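In what follows, a single structure is set out as structure tokens and then discussed.
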Amino acid sequence: MTQIRSVVLGCGSYLPERVVTNAELAARIDTSDEWIVQRTGIRERHIADDDEFTSHLAIKAARAALAHARLDPQAIDLIVLATSTPDNTFPATAVAVQHGLGINHGAAFDLQAVCSGFVFALATADNFLRTGAYKRALVIGAETFSRILDWNDRGTCVLFGDGAGAIVLEAQTQPGKTSDSGVLTTHLRSDGRHKAKLFVDGGPSSTRTVGHLRMEGKEVFKHAVGMITDVIVDAFNATGITAEDINWFIPHQANKRIIDASAHKLHIAPQKVVLTVDKHGNTSAASIPLALSVAVKDGRVKKGDLLLLEAMGGGFTWGSALVRW
Ligand code: UT7
């Protein structure tokens, strides 16, 4: 039976110009390139200028995705922006992006699921498109985590970077098989019992400040691989797709050790794993569309390829998606 699917028309990304290497951090705080590379795989990250906001990064990524899709912004009637570092407490950064793109119809809103934000935003847009409520969506992950880091906390400040990535989705009728193009399945989970393990110690309603990121890294690490692999198995069970069918594994880029262990547990060959954590650090909700854009640009991801996306982060939140390019 035919089915409406959210088909990907294009993707794009933007990274701030300024690159900060591990060596530069080691000159400022008690850390080393060796420690950071060994524990995380990160070698450098991009950091936004003071006058460069999350919306600015998001607009550049959205424009790149629209150009890749050969689509005028006016064709978009839904914008879902995943971010934990909005320009303002309100309104949603998504409306600044909508305005920046010259769109004033349809709907635009932010979604907050920290590092899982892009998978949550993708699932949200996919559900809206499949009901027929909207026709074409921009799904964006954009972050300026550099603004919420405690630059004296070596346990966290070396891990994160800034950036944005976006994809364009269009509702299209497909045959209703796993060989269809587009989003085949999405699976989202959260468990607030873990909220104190990764959080920002400020907010409008509690401290009336922005606050800084706090993380019990070891605790997050301990849960990550199990949660990631569980929610991927949910995606496999829902579709009958197996690890062997996957062309590219495009995980959230938090730590190379977590990515390697997840791929190993799922029997996904290392050469199918897209890794950008070395160059981008952890860009939270932006990390998956940034990695996707790299793999599309360099020709690895080709039409018809089956992509497995996953993320896990603060909350805890975690999720997976299977997407045929
Ligand atoms: O994207 C959202 C999800 N977030 C994550 O997935 C992050 C998950 N966690 C991790 O990736 C890892 O736990 C970290 C990379 C954050 C830390 O690695 P770890 O192997 O768990 O190290 P640790 O926190 O247990 O620290 C080991 C040692 C400590 O020293 P002692 O107590 O053994 O003397 C730390 O003080 O490393 C020390 N340390 C550092 N040393 C040099 C912590 N940060 C640094 C640093 N440079 N930047």
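Bear in mind that the values in this text are calculations on the coordinates, not laboratory data. Since the structure is predicted, the reported quantities are computational estimates derived from the model, not experimental observations. Using ideal geometry, Cβ is built from the backbone for each residue, glycine included, and neighbour counts are taken over all protein chains shown.
Side notes on the structure shown:
- Computed over the chain, the per-residue total of -39500 (n - 2.57) for DSSP H runs of n ≥ 4 gives a 222 nm mean residue ellipticity of -9500 deg cm²/dmol, rounded to 500.
- Contour excess over end-to-end distance, with Cα ends at Lys272 and Phe90 and 0.36 nm allotted per residue: 61.5 nm
- Using a Gaussian network model of the chain in which every pair of alpha carbons under 10 angstrom is joined by a spring, one finds that among Asn88, Asn247, Asn22 the greatest mean-square fluctuation is at Asn88.
- The listed peptides 6-12, 174-180, 220-226, 288-294, ordered by packing as a protection proxy, come out as 288-294, 6-12, 220-226, 174-180 (highest mean of other Cβ atoms within 10 Å first).
- Cleavage-rule hits, GluC sites (Glu not before Pro), the stretch 202-247, DSSP coil, Cβ neighbours within 10 Å at most 13: none
- Fluctuation leader among Ile79, Ile148, Ile232 - the chain, Gaussian network, Cα springs under 10 angstrom: Ile148
- For the chain, built as a Gaussian network whose Cα springs stay under 10 Å, the top-fluctuating residue of Gly106, Gly240, Gly141: Gly240
- Over 22 Å between alpha carbons, listed pairs Lys279/Lys303; Lys218/Lys256; Lys177/Lys265: Lys279/Lys303; Lys177/Lys265
- With a Förster radius of 25 Å applied to the beta-carbon distance between Asp230 and Lys195, the computed FRET efficiency rounds to 0.85.
- With 0.36 nm allotted per residue and the present C-alpha distance subtracted, the Asn237-Gln3 stretch has 82.3 nm of extension available.
- Computed over the stretch 1-123, relative contact order equals 24 percent, with contacts defined as Cα pairs under 8 Å that lie 6+ residues apart.
- Relative contact order for the stretch 182-290, counting Cα pairs under 8 Å that sit 6 or more residues apart, in percent: 21 percent
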